[in-house]
Amino acid sequence: MQEKNVIFGINGPVVTVANSKGFSMQEMVFVGDERLVGEVIEISSERTVIQVYESTTGLKVGQPVYSTGSPMCVTLGPGIVSNIFDGIERPLRDIESHSGAFIERGSMISSLNEERLWDVTVTVKVGDSLTGGDIYATCPETASIEHRCMVSPDISGRVTWVAPNGQYRVNDTVVKLTDDKGDEHQLTLCQRWPIRIPRPVSKRLPCNTPLITGQRVIDTMLPIAKGGTAAIPGGFGTGKTMTQHQLAKWCDADLIIYVGCGERGNEMTQVLDEFGGLIDPRTGRELTDRTVLIANTSNMPVAAREAIIYTGITLAEYYRDMGYDVAMMADSTSRWAEALREISGRLEEMPAEEGFPAYLPSRLSDFYERAGMVSTLGDRRGSVTVIGAVSPQGADFSEPVTQNTKRFTRVFWALDKSLAYARHYPAINWTTSYSEYENDLSRYFEENVDPDFMACRARINGLLREETSLMEIVKLIGSDVLPDDQKLVIETARVIRVGFLQQNAYHKDDTYVPLKKQFLMMQTILHLYDRCAELVATGAPISRVIEAGLFDKLTKMKYNIPNDKPELFGQYIADIDGVIDSMLQSREARR
């Protein structure tokens, strides 16, 4: 350390060093006598500006600042899955056992347990040629995830030594590699990677496979693809966090990265408690076996909130490179944007709309563009799906974070306050939401679910849109003046809303619904509509069908038909045909 590298000024999490030439942009540094973790964010001839990821309370002018010579990195290796980290990848469980419930400043506990032994299988032999992304060893990280140790993207060479299969620690050398220059590289079970630099891939692939969530309003009406991006904007109390919890529990990704960015501590506690007691429907094991939690609660340092989503997306890219489908939940990106705004204000930068920095759109695009379905350097297929919650103040979707997020995501699940207050969950408004993956995924649905899937979905959408326009008339003059064919549309749309789009997260058969059952539910609702339209066309009043209880019966089929008994839908269709045929015969007889 040079003597002149000392603190010159302190402004909250922003620390300045005067007249220093020894730092580089985005370099990781240690600040003060307690060696607080920080990152260089601005350099000029007069000063170097550092954002500190820990509380700066007690720092003094004149205390030293230590250079590391490397950017802000995370450690990637076995031990990440089923763990919980803070925004700069410090393991919170280990910190708790070391210093109690609150994080000590300057805590330097290793991200990964360096003493734990892993059962390692080396998959290469002496003489093999390896390049970036190639797998050289594997070990069972959890019962659900096999960890695949990969050559760092910037290394290649020939294997000159391999360790025998056995138990090793994360920092033990298992393979030695010699490159073309004759330099030897020792490959351990882990590597480090800068959080702000995307991990390289061979090529990006089209997103044409859905991320199946078991939520009907999403899978059927507003689908997202593996490797896609989605925004969940909504005001306070509309269910953003609970919607993300449902997606994290039930989506068919191989791995879940759940990032709690500036959320209340009790919400993160709820995530820990819920996930710890859940059984993964895919494997029958604990859900935590394929989950990584990264927490920066609202009382943690604001600068670490700015880094947390980069930490999360870097971990997601690492497991994507192994060939896994990863889903990252960011809750919420509005808190991350607020951290940007606070730090920007302390730097005295020129504010843009609502005080956010002018570079907010570029930061959002940098983050969401790291999602995608890719062919990795090791010629594997993997994906990162990013689902970001947005918390606009006063549920105002015209504010900058929501509008800029909308520019860079292809799915927009708009949560509606009136639906939430009516206890309609998920409270996704089907008229203001959209998905741009419909055409990309249509072939999958038609080939893997049913050839009529997209046609049924289009008809369901059409009935909902027609109901929306009819309700404007009903509000003005009442429903009695409507003809029976339009009353039929309103009644059918009610079945769609209550019996199909509304979903009970606490019901064993309704919390997760397979695609086949979703299709059969749509088909049954449309069959009722078609048969009723046939009856109404003869002049029969729609009130007769309503009195027969068919509509009410269909609103409850989501509970009454178990997921593993789709054959019961045939009985429902037979019942509909029996009632409608009886009414048609009765009218024919009266003629």
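The values are calculated or read from the model by the stated rules, or taken from the named source; none is laboratory data. Here the structure is a predicted model, which means the values were calculated and not measured. Please note: Cβ atoms are built from the backbone with ideal geometry, for glycine as well, and neighbour counts cover all protein chains shown. Just so you know, the surface numbers come from the protein's heavy atoms only, side chains and all, with ligands and any DNA or RNA stripped out. Shrake-Rupley method; radii C 1.70, N 1.55, O 1.52, S 1.80 Å.
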Practice problem: Would you mind finding the one in Val126, Val74 that is touching a residue at least 12 places away in the same chain (Cβ under 8 Å), exposed (fewer than 15 other Cβ atoms within 10 Å of the Cβ) and within 22 Å of Leu187 (Cβ to Cβ)? | Solution: Val126
Quiz item: Of all residues in region 90-123 being touching a residue at least 60 places away in the same chain (Cβ under 8 Å), aliphatic (A, V, I, L, M) and open to solvent by less than 20 Å² (accessible area, probe 1.4 Å), which is nearest to Lys176 (Cα to Cα)?
Solution: Val120
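Residue-by-condition table, conditions (1) open to solvent by 50 Å² or more (accessible area, probe 1.4 Å); (2) closer than 19 Å to Asp219 by Cβ:
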residue: Gln486; (1), (2): yes, no
residue: Val489; (1), (2): no, no
residue: Tyr512; (1), (2): yes, yes
residue: Lys516; (1), (2): yes, yes
residue: Asp530; (1), (2): yes, no
residue: Val536; (1), (2): no, no
residue: Asn563; (1), (2): no, yes
residue: Phe569; (1), (2): no, yes
residue: Asp581; (1), (2): yes, no
Quiz item: List, please: which pairs have Cβ atoms under 7 Å, are six or more places apart or on different chains, and start with a residue in region 547-563 that is among the β-branched types (Val, Ile, Thr) and end with one that is open to solvent by less than 30 Å² (accessible area, probe 1.4 Å) and assigned to a helix (DSSP H, G or I)?
Solution: Thr555/Val495; Thr555/Gly499; Ile561/Phe569
Quiz item: In region 247-294, which residues are among the acidic types (Asp, Glu) and either over 19 Å from Ser391 (Cα atoms) or modelled with pLDDT of 75 or more (or both)?
Solution: Asp252, Asp254, Glu263, Asp273, Glu274, Asp280, Glu286, Asp289
Self-check item: Restricting region 260-293 to residues that are among the β-branched types (Val, Ile, Thr) and without any contact (Cβ under 8 Å) to a residue 12 or more places away in the chain, the residue that is nearest to Met242 (Cα to Cα)
Solution: Thr269
Exercise. Keeping to region 16-30, report how many residues are closer than 21 Å to Lys60 by Cβ, of a type in the set (A, V, I, L, M) and under 33 Å from the mean Cα position of the chain (by Cα).
Key: 1
Exercise. Take region 152-181 and flag every residue that is free of Cβ contacts under 8 Å to residues at least 40 places away in the same chain, surrounded by 19 or more Cβ atoms within 10 Å (Cβ to Cβ) and either touching a helix residue (DSSP H, G or I) at 6+ places or on another chain (Cβ under 7 Å) or β-branched (Val, Ile, Thr) (or both).
Key: Val159
Practice problem: Name every residue in region 147-176 that is within 14 Å of Gly79 (Cβ to Cβ) and acidic (Asp, Glu), in order of residue number. | Solution: Asp172
Quiz item: Any idea how many residues of region 491-510 are assigned to a loop (DSSP other than H, G, I, E, B) and either touching a strand residue (DSSP E or B) at 6+ places or on another chain (Cβ under 6 Å) or open to solvent by less than 30 Å² (accessible area, probe 1.4 Å) (or both)?
Solution: 3
